[in-house]
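J.: For reference, the structure I am asking about is given below.
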Amino acid sequence: NDTIKARMYKAIAEKCLISFPQQTLLYANKGLQLATKMGWAKGLAVFNDIIGQHYSNKGNLDSAIYFYEKAYQIDIKNDFKLNAASTLNNIGVVYQNQADYEKAITKFTEALKIAEAEKNNSLTAICNQNIGQIYLEQGNYKKCIEIYNDVIKLHALDENIDGVASAYSSIAGTYAQMKDTAKANYYFDKAIKVFKKTENFLELATAYTDASSLEKD
């Protein structure tokens with residue numbers, strides 16, 4: 001069954017992005033070939049997006065944008081609005097990594113408008129999180145914290161407690177930049193308690209690592 005096979009290629013390629021990056025292109029390209037044979041537009045967009053993520057993770061940013069743009073054009077042509085917003089968000093991350101903050105925030109804002117129109121709390125939160133990161137890198141800490149508090153509310157609506165905890169970590173990191181150690185530790189502690197409860201060990205390790213930078217000893 002080609003549909004099941006294509007979905008399995010997608011699932012494997014997405015897992016490879018995290019755990020076996022050297023295998024990502026193998027399965028993404030297999031999926032791309034199968035989606036082309038099937039004439040499956042959404043699949044074509046998804047596999048191009050996965051390839052874009054692979055190159056973004058490797059730091060090959062020009063290739064990342066090339067494949068993201070291919071995915072985005074397919075999404076727009078076929079009115080796959082949430083996929084288009086997700087891909088715009090990914091393009092924004094690439095520009096952010098290039099320190100091209102103007103282009104990054106443009107892409108994040110375009111993605112945010114779609115996510116809000118579609119009433120998708122999760123994607124709206126992710127877009128806001130990334131916009132907050134831009135403000136952080138530009139030193140606008142007050143605006144950054146305002147946005148992260150909005151992110152907490154959005155994740156709470158979906159009962160996404162890991163998302164709430166990630167926003168706590170982001171607020172903590174912002175206070176750390178402001179040299180407000182007391183508030184930074186307060187929010188790191190809140191995040192750590194949630195990640196322990198949900199057994200989200202990767203985020204827990206990240207929160208511990210970030211919190212350790214506040215220790216004088």
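The values are calculated or read from the model by the stated rules, or taken from the named source; none is laboratory data. Keep in mind it's a predicted model, so treat the numbers as computed, not measured. Every residue, glycine as well, gets a Cβ built from its backbone with ideal geometry; the counts of neighbours run over all protein chains shown. For the accessible areas, the whole protein counts, side chains as well, though only heavy atoms, and no ligand, DNA or RNA atoms are used. Shrake-Rupley method; radii C 1.70, N 1.55, O 1.52, S 1.80 Å.
J.: Within the range 144-160, identify whether any single residue is touching a residue at least 24 places away in the same chain (Cβ under 8 Å), farther than 20 Å from Ser86 by Cα and open to solvent by 40 Å² or more (accessible area, probe 1.4 Å), and answer yes or no.
T.: Checked against the condition, which is being touching a residue at least 24 places away in the same chain (Cβ under 8 Å), farther than 20 Å from Ser86 by Cα and open to solvent by 40 Å² or more (accessible area, probe 1.4 Å), the range 144-160 yields no hits at all.
J.: With the condition kept exactly as written, say whether any residue in the range 76-85 is aliphatic (A, V, I, L, M), assigned to a helix (DSSP H, G or I) and within 13 Å of the chain's Cα centre (by Cα).
T.: yes
J.: May I pose another question? Only residues that are open to solvent by 70 Å² or more (accessible area, probe 1.4 Å) and farther than 12 Å from Ile50 by Cβ: list them for the range 1-22, please.
T.: We begin by selecting, within the range 1-22, every residue open to solvent by 70 Å² or more (accessible area, probe 1.4 Å); these are 1, 4-5, 7-8, 14-15, 18-20, 22.
Selection gives Asn1, Ile4, Lys5, Arg7, Met8, Ser19, Phe20, Gln22.
J.: Write out, first by first residue and then by second, each pair whose Cβ atoms fall under 8 Å of each other, whose residues are 6+ apart or on separate chains, and whose first residue, in the range 58-84, is of a type in the set (S, T, N, Q) while the second is open to solvent by 40 Å² or more (accessible area, probe 1.4 Å).
T.: Pairs found: Ser63/Tyr55; Asn78/Lys42; Asn83/Lys42.
Yes/no matrix, rows are residues, columns are (1) open to solvent by less than 20 Å² (accessible area, probe 1.4 Å); (2) of a type outside the set (Phe, Trp, Tyr); (3) farther than 16 Å from Ile145 by Cβ:
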{"position": "Ala172", "(1), (2), (3)": "yes, yes, no"}
{"position": "Ala176", "(1), (2), (3)": "no, yes, no"}
{"position": "Lys179", "(1), (2), (3)": "no, yes, no"}
{"position": "Ala182", "(1), (2), (3)": "no, yes, no"}
{"position": "Asn185", "(1), (2), (3)": "no, yes, no"}
{"position": "Lys190", "(1), (2), (3)": "no, yes, no"}
{"position": "Lys197", "(1), (2), (3)": "no, yes, yes"}
{"position": "Tyr208", "(1), (2), (3)": "no, no, yes"}
{"position": "Ser213", "(1), (2), (3)": "no, yes, yes"}
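J.: Give just the number: which of (1) open to solvent by less than 50 Å² (accessible area, probe 1.4 Å); (2) farther than 28 Å from Leu26 by Cβ does Lys113 not satisfy?
T.: (1)
J.: Please find, among Lys153, Lys119, the residue that is in a loop (DSSP other than H, G, I, E, B) and basic (Lys, Arg). Steps first, please.
T.: Working: Lys153 fails: in a loop (DSSP other than H, G, I, E, B).
Just a single option satisfies the conditions, and that option is Lys119.
J.: Still on this structure: When you go through Asn29, Asn48 one by one, which is the residue that is over 17 Å from Thr87 (Cβ atoms), at pLDDT 95 or above and assigned to a helix (DSSP H, G or I)? Spell out the reasoning first.
T.: On the way: Asn48 fails: over 17 Å from Thr87 (Cβ atoms).
Result: Asn29 is the single residue among Asn29, Asn48 that is over 17 Å from Thr87 (Cβ atoms), at pLDDT 95 or above and assigned to a helix (DSSP H, G or I).
J.: Every residue in the range 26-72 that is open to solvent by 30 Å² or more (accessible area, probe 1.4 Å), within 16 Å of the chain's Cα centre (by Cα) and of a type in the set (S, T, N, Q), please.
T.: Within the range 26-72, Gln53, Asn57 meet the criteria.
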